[in-house]
Amino acid sequence: MSLVLVAGAALIGCGSGEESVDQTTQLLSSDGAEAVASNEQSTASLTDSTFEAVPSVDPAAAADALAGAPAEAVDGKCRSRAKDPSDPNTVIITLTDCRGRFGKRSVSGKEIVHFTKGDADTLHADFQSQELTIDGKPATHTASADITIANGVRTVVWQGGFDTTNQKGDAVSHTSDLTITVDMATHCRTRNGSAKTSIGGREMNTVFQDLKVCRRADGDAGCPSGSVTHTRLPINKTVTVSFDGTAQATVTGPNGSTFEQDIACTP
């Protein structure tokens, strides 16, 4: 379920209100789009189908399920999975010029997913990229996730890091500390928590509040609900984007002014 295009469209543009939006809000919005895109790439695109596929907290069963999960329409032709021949609890995900979940960016390399038994009834997963490139430029991804399975819901306690170079050539470094819930019945994924992002030396703190995206019947992602708040440091200027499940978001700038923005999604 990709939010890269959805959130990016909502944050980086100003629609019909462009002339009345000040430069500070424009820059905050643009950097906020980078923060959300990095979070999406870290928590969804590079983790592949891990959270949806695991059937239990048994590491070997989780690895079998992920390796054997059916290819998704969004990038099934460029992404493959295989068990590590030397470790029954590890899956190697290979990406070859994948673009579906990353917008127009070309992503290649490997993501190594290693499962272990966590505390109590928890499955632990470690993620580590290998020879990862985005548009031919080196990128890195590391993360850990503790997954609890109950009543058709996966609850994921997540900590991750993602470093890349954006399309403007700025270095982007992103870390996140989240709780992610995946509802298997409704096919919805919800994020709560915080993230820190450095974009060309500019620092941004982000708070995700009930940011939810559900998969439609055709398998594509629908429109989001919830909100994302970005604060620029050290000046503490803030921009908030609120989603209501429709193809329009409300952006509130640091001076309290608001405007509506069309977003690239279908309810």
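The values are calculated or read from the model by the stated rules, or taken from the named source; none is laboratory data. The shown structure was predicted, so the numbers you read here are calculated from the model rather than taken from an experiment. Glycine also receives a Cβ, built like all others from the backbone with ideal geometry; neighbour counts cover every protein chain displayed.
Here are some conditions: (1) over 16 Å from the mean Cα position of the chain (by Cα); (2) modelled with pLDDT of 95 or more; (3) hydrophobic (A, V, I, L, M, F, W, C). Residue 195 meets all but one. Which one does it not meet?
Condition (1) is where residue 195 drops out.
Let's see how each residue does on (1) acidic (Asp, Glu); (2) crowded, with 20+ Cβ neighbours inside 10 Å; (3) at pLDDT below 95:
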position	(1), (2), (3)
64	yes, no, no
70	no, no, yes
73	no, no, yes
110	no, no, no
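Could you run through the range 132-181 and say how many residues are closer than 22 Å to residue 61 by Cα and either over 15 Å from the mean Cα position of the chain (by Cα) or at pLDDT below 95 (or both)?
Result for the range 132-181: 10.
Is it the case that some residue within the range 60-83 is farther than 16 Å from residue 44 by Cα and in a strand (DSSP E or B)?
Checked the range 60-83: at least one residue is farther than 16 Å from residue 44 by Cα and in a strand (DSSP E or B).
Only one of 43, 47, 25 is under 16 Å from residue 160 (Cα atoms), of a type outside the set (Gly, Ala, Ser) and in a helix (DSSP H, G or I); which? Explain how you work it out, then say what you get.
Working: 47 fails: in a helix (DSSP H, G or I); 25 fails: under 16 Å from residue 160 (Cα atoms).
After applying the criteria, what remains is 43.
Of all residues in the range 174-189, which are loosely packed, with under 13 Cβ neighbours inside 10 Å and part of a strand (DSSP E or B)?
Scanning the range 174-189 gives a single hit, 177.
Search the range 174-198 for residues being touching a His at 6+ places or on another chain (Cβ under 9 Å) and in contact (Cβ under 8 Å) with a residue 60 or more places away in the chain, and hand back the single one that is farthest from residue 216 (Cα to Cα).
197
Which one of these does residue 96 not meet: (1) modelled with pLDDT under 90; (2) touching a Cys at 6+ places or on another chain (Cβ under 6 Å); (3) among the hydroxyl-bearing types (Ser, Thr, Tyr)?
Among (1) modelled with pLDDT under 90; (2) touching a Cys at 6+ places or on another chain (Cβ under 6 Å); (3) among the hydroxyl-bearing types (Ser, Thr, Tyr), the lone unmet condition for residue 96 is (1).
In the range 242-262, is there at least one residue being under 22 Å from residue 52 (Cβ atoms), assigned to a loop (DSSP other than H, G, I, E, B), among the polar types (S, T, N, Q) and touching a residue at least 24 places away in the same chain (Cβ under 8 Å)?
Within the range 242-262 (the criterion being under 22 Å from residue 52 (Cβ atoms), assigned to a loop (DSSP other than H, G, I, E, B), among the polar types (S, T, N, Q) and touching a residue at least 24 places away in the same chain (Cβ under 8 Å)), the answer is no, since none of the residues qualifies.
Restricted to the range 239-250, and to residues that are surrounded by 19 or more Cβ atoms within 10 Å (Cβ to Cβ) and in contact with a Pro (Cβ under 9 Å, 6 or more places away or on another chain), which residue is farthest from residue 261 (Cα to Cα)?
Filtering first and then ranking leaves 239.
Quick one: would you say residue 207 is at pLDDT 95 or above, aliphatic (A, V, I, L, M) and under 24 Å from residue 62 (Cα atoms)?
Values: at pLDDT 95 or above: yes; aliphatic (A, V, I, L, M): yes; under 24 Å from residue 62 (Cα atoms): no.
Considered against the rule, which asks whether it is at pLDDT 95 or above, aliphatic (A, V, I, L, M) and under 24 Å from residue 62 (Cα atoms), residue 207 comes out as no.
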